Amino acid sequence: MKEKILEALRDLGFKLEEEEGMGYCFNYEGLNLLYMYNENDEEFLTIALPGIVEVEEDKMLQICALLEKINSTLKYIKAYILGNSVWLFYERELIVSREQMGEGQLCGEEDLMTVISRMILQLEAGLVFARKVMAEIEETMANDFSADDTAESAEEIDAEEIADDEDNE
């Protein structure tokens, strides 16, 4: 199945570069994608979009909120932290009939070019969604921070007014 998938990727016009131990990298409209071959399950197809967001220690709350939103909202795309960045994955089982039609031909195989094209478009849409969600999370955090600053400032002013009132008595 691996060879059929690689052939379909080439037929779609992608130039594949093998990444040892990872799979095959290819580029789609500026996005670096990765076909990850699963030796234990040849009929399982995984395409990943690595490194959509860098994971920084001081932004773990935002990253967790992003992962939760992606994983609970999108149907086919899942997000995980690998290393120091967030990756998007589209994984699916390929439907292959085991009925033999003739010499070595399987019937009922999916159109890999269509399947792969849809997977790539879903990953691209997932990236757009992730960027939108991250912007919303950052805006919410900024507004919350701003509200906290306003509350602290009001408390400081109240404390100063109380001190001034006590001095005037």
Please find, within segment 114-145, the residue that is modelled with the lowest pLDDT out of those that are open to solvent by 60 Å² or more (accessible area, probe 1.4 Å) and over 22 Å from the mean Cα position of the chain (by Cα). PHE145
For LEU49, work out the one condition from (1) loosely packed, with under 14 Cβ neighbours inside 10 Å; (2) part of a strand (DSSP E or B) it doesn't fulfil. (1)
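Name the residue, out of ASN71, ASN27, ASN40, that is in a loop (DSSP other than H, G, I, E, B) and open to solvent by 40 Å² or more (accessible area, probe 1.4 Å). Working first, answer last.
Working: ASN71 fails: in a loop (DSSP other than H, G, I, E, B); ASN27 fails: in a loop (DSSP other than H, G, I, E, B).
ASN40 is the lone residue from the list that is in a loop (DSSP other than H, G, I, E, B) and open to solvent by 40 Å² or more (accessible area, probe 1.4 Å).
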May I ask you to list the residues in segment 83-111 that are at pLDDT below 90 and aliphatic (A, V, I, L, M)? LEU94, ILE95, VAL96, MET101, LEU106
Part of a strand (DSSP E or B), open to solvent by 30 Å² or more (accessible area, probe 1.4 Å) and modelled with pLDDT of 95 or more: does that describe ASN32? yes
Which pairs have Cβ atoms under 7 Å, sit 6 or more apart or on different chains, and link a residue in segment 37-65 that is on the phi < 0 side of the Ramachandran plot and of a type in the set (Ser, Thr, Tyr) to one that is outside any strand (DSSP E or B) and open to solvent by less than 70 Å² (accessible area, probe 1.4 Å)? TYR37/LYS2; THR46/ASN38
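The values are calculated or read from the model by the stated rules, or taken from the named source; none is laboratory data. Since this is a predicted model, take the numbers as computed values, not measurements. In this analysis, Cβ positions are derived from the backbone assuming ideal geometry, glycine residues included, and neighbour counts consider all displayed protein chains. Heavy atoms of the whole protein, side chains included, go into the accessibility calculation; ligands, DNA and RNA do not. Shrake-Rupley method; radii C 1.70, N 1.55, O 1.52, S 1.80 Å.
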